[in-house]
Amino acid sequence: MANSQWLLHALLLLLLLLLLFHMDSILLKAASMPPPSPVMCNSPAGGDGCILHNSYGAWNDRLDCHVQNVTYPSTEEELRSAVAYATRNGLNVKVASKFSHTMPKLACPGRTQSANSYLISTANYASSIDIDATNLVVTADAGVPLRELINRVEGRGLSLVAATYWEGVSVGGLISTGAHGSSWWGKGGAVHDHVVGISLVVPAKESEGFAKVIRIEAQDQLLNAARVSLGMLGVISKVKFSLEGGFKRSITYNFTDDARIEEIYRDHAMKYEFADITWYPSKHTAVYRYDNRVPLNTSGDGVYDFLGFQSNSVVVSKSARATGNASLVLSFFYTMPVFSYHGIGISSSKLMYAEKLLENARNVDGRCALASTAVGYRKLVANGLRNGLIFTGYPVIGTQGKMQTSGSCLYSPPLRTDLTCAWDPRIDGLFFYDVAAIFPAQRFADFIRDVKKLRDMNPENFCGVDVYNGFLIRFIKASKAYLGQSEDSVVVDFNYYRADDPSTPRLNQEVWEEVEQMAFFKHGAKPHWAKNRNLAFLNVRNKYPNFGRFMAAKKQLDPQNMFSSEWSDEILFRNEAAKGDGCALEGQCICSEDSHCSPAKGYLCKAGLVYKEARVCRYTQS
């Protein structure tokens, strides 16, 4: 009886808070603080030394990326002139967008304080979107934000079929790193497979003005190199995408048992055009997304505003940090649903602060309580789907542009400074690792079976990933892109806590290290180019059958290696990581001796429990 009353009170509290949250969200969404620029310079013109950050405030190696000069072209001719200047002066060049969401240092042009480093930002190169409704194509400048492109296309009664779940990306950055949604239908879920043309600015002879623009069309074999180029072939100027007639989508989430994921995933992907699966291992729960297109005249004006991409208040967390009262913070936390990136929280920093307390106390039970709260709330509010002002029931039906991607924390004028994206480094927000492993479809089932074996040894060890967003499972079709997927593939994304101090070990870190090594070394997964810790890229070139063709295209377009750097070379050509004290804590290496972990804090290098060849940093109390 007492349990029933407690459950009823909890449900009533959640419903009340849900209503309050949505009212607050509606009123305050226009007051969010836009993310900071990734480029910080001593002078507004971008000279005299600048630093390039990613959006999370820290690269994989935590070292700043220093560049000598930055330029902000706004036209294609200015872009060509920038490349010509770099060619004439023998500079190393990289391109950064307005958003900078890559975790590896691919956008960094040179070593610390290098006088030969030159950065081209496409933040101001975003004015042209040319829609050809007759031929069903759209051509956009490389710096155009994805949301702007989608809105313009939808305004003409057309739809862009594939897009990322997170809309805070530019057109050029989107395709350079193989970004994707989820689909095995049609051309598939990878955005680059919907590209039918690219304009590229490349170095040239002096007689050609040191740089030229080349137009690569669908019939040109170079398109297969340029679709996923990692910024190594030249500077993308314009991208041409194929379009389809406008349509709506109908989405239903089914929260159910996870018993048969490894048997069901193929049928699920083939039955629903935009299928995905979210798996919460510690809760033995799988969430199947039933997501297909429906005619444009179908009733419904729904929106997918993913909870993790909504604006988050930082006031509560700052107060909590000031008091330092752990019991007060945690008691407050457990009486409120958590809405933040990958883990819903009233404030992302409140989740981060609670996580730090639990990490320091090695409190597995507390972390599992957070996971239960997060998963329960996601189910209650359909993870951000809304039929109108709030979620009122399935299915949620809305236009493709409103349902395929989200990122509301990016927008609106900075009228207030207490609302921002959850991972904003200015407010000590969420700080996490993002692992994205891409499996050949036929090998994915064995990976799931191995993870289940590890989970079943102690399910509580998996609560840390369920506090965020569990395992997000998506689908990519085989691609002709040389650095795309050569066969139908399954992508698994998961996030977990990253410490503020690189020398600080993490609770249950050996679990995630074993899962990572299982994925990339036992089951042959490829790393997503824009995510992952450095160890995921070991021997990556050997996983791409057309890697040699990509390098041949690079030699043709960039014979002087202007668009390479030690960072891109490290990702593409590293066979073994350099090792030193503590290198395994941040994924800079795989441990082979205790000093690579943190023996002073009880973390020693041990074998994996399921994948015996794995080497992980495990806490040993003795």
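The values are calculated or read from the model by the stated rules, or taken from the named source; none is laboratory data. Keep in mind it's a predicted model, so treat the numbers as computed, not measured. Using ideal geometry, Cβ is built from the backbone for each residue, glycine included, and neighbour counts are taken over all protein chains shown. Heads up: the accessible areas ignore ligands, DNA and RNA and are worked out on the full protein's heavy atoms, side chains in. Shrake-Rupley method; radii C 1.70, N 1.55, O 1.52, S 1.80 Å.
Restricting attention to the range 494-525, the residues being open to solvent by less than 10 Å² (accessible area, probe 1.4 Å) and in a strand (DSSP E or B) number 3. When each of 582, 587 is tested for being surrounded by 15 or more Cβ atoms within 10 Å (Cβ to Cβ), within 23 Å of the chain's Cα centre (by Cα) and at positive phi, the lone residue that passes is 587. With respect to the conditions (1) part of a loop (DSSP other than H, G, I, E, B); (2) in contact (Cβ under 8 Å) with a residue 24 or more places away in the chain; (3) of a type in the set (D, E, K, R), residue 220 lacks only one, and its number is (2). For the range 167-188, filtering for residues that are more than 13 Å from the chain's Cα centre (by Cα) and over 16 Å from residue 241 (Cα atoms) leaves 4.
Here the condition is being out of contact with any Leu (no Cβ under 7 Å at 6 or more places or on another chain), surrounded by fewer than 22 Cβ atoms within 10 Å (Cβ to Cβ) and under 26 Å from residue 177 (Cα atoms); of 425, 459, it holds for 425 alone. The set of residues from the range 116-138 being part of a strand (DSSP E or B), open to solvent by less than 30 Å² (accessible area, probe 1.4 Å) and over 20 Å from residue 92 (Cβ atoms) comprises 129, 131, 137, 138. Looking across 173, 178, 168, 189, one residue alone is closer than 30 Å to residue 487 by Cα, crowded, with 20+ Cβ neighbours inside 10 Å and in contact with a Pro (Cβ under 9 Å, 6 or more places away or on another chain). It is 168. Residue pairs whose Cβ atoms lie under 6 Å apart, sitting 6 or more positions apart in sequence or on different chains, and linking a residue in the range 570-593 that is free of Cβ contacts under 8 Å to residues at least 40 places away in the same chain and more than 15 Å from residue 536 (Cβ to Cβ) to a partner that is open to solvent by less than 40 Å² (accessible area, probe 1.4 Å) and of a type outside the set (A, V, I, L, M, F, W, C), are 579/596; 581/595. Within the range 69-102, being touching a Phe, Trp or Tyr at 6+ places or on another chain (Cβ under 7 Å), in a loop (DSSP other than H, G, I, E, B) and open to solvent by less than 30 Å² (accessible area, probe 1.4 Å) holds for 73, 91.
Yes/no matrix, rows are residues, columns are (1) over 30 Å from residue 260 (Cα atoms); (2) open to solvent by 10 Å² or more (accessible area, probe 1.4 Å); (3) in a helix (DSSP H, G or I):
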| site | (1), (2), (3) |
| --- | --- |
| 369 | no, yes, yes |
| 392 | no, yes, no |
| 397 | no, yes, no |
| 402 | yes, yes, yes |
| 409 | yes, no, yes |
| 436 | no, no, no |
| 439 | no, no, no |
| 448 | no, no, yes |
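For the range 532-566, the set of residues classified as open to solvent by 10 Å² or more (accessible area, probe 1.4 Å), in contact with a strand residue (DSSP E or B) (Cβ under 8 Å, 6 or more places away or on another chain) and either assigned to a helix (DSSP H, G or I) or charged (D, E, K, R) (or both) consists of 543, 557, listed by residue number. Residues in the range 198-230 that are on the phi > 0 side of the Ramachandran plot and open to solvent by less than 20 Å² (accessible area, probe 1.4 Å): 1 in all.
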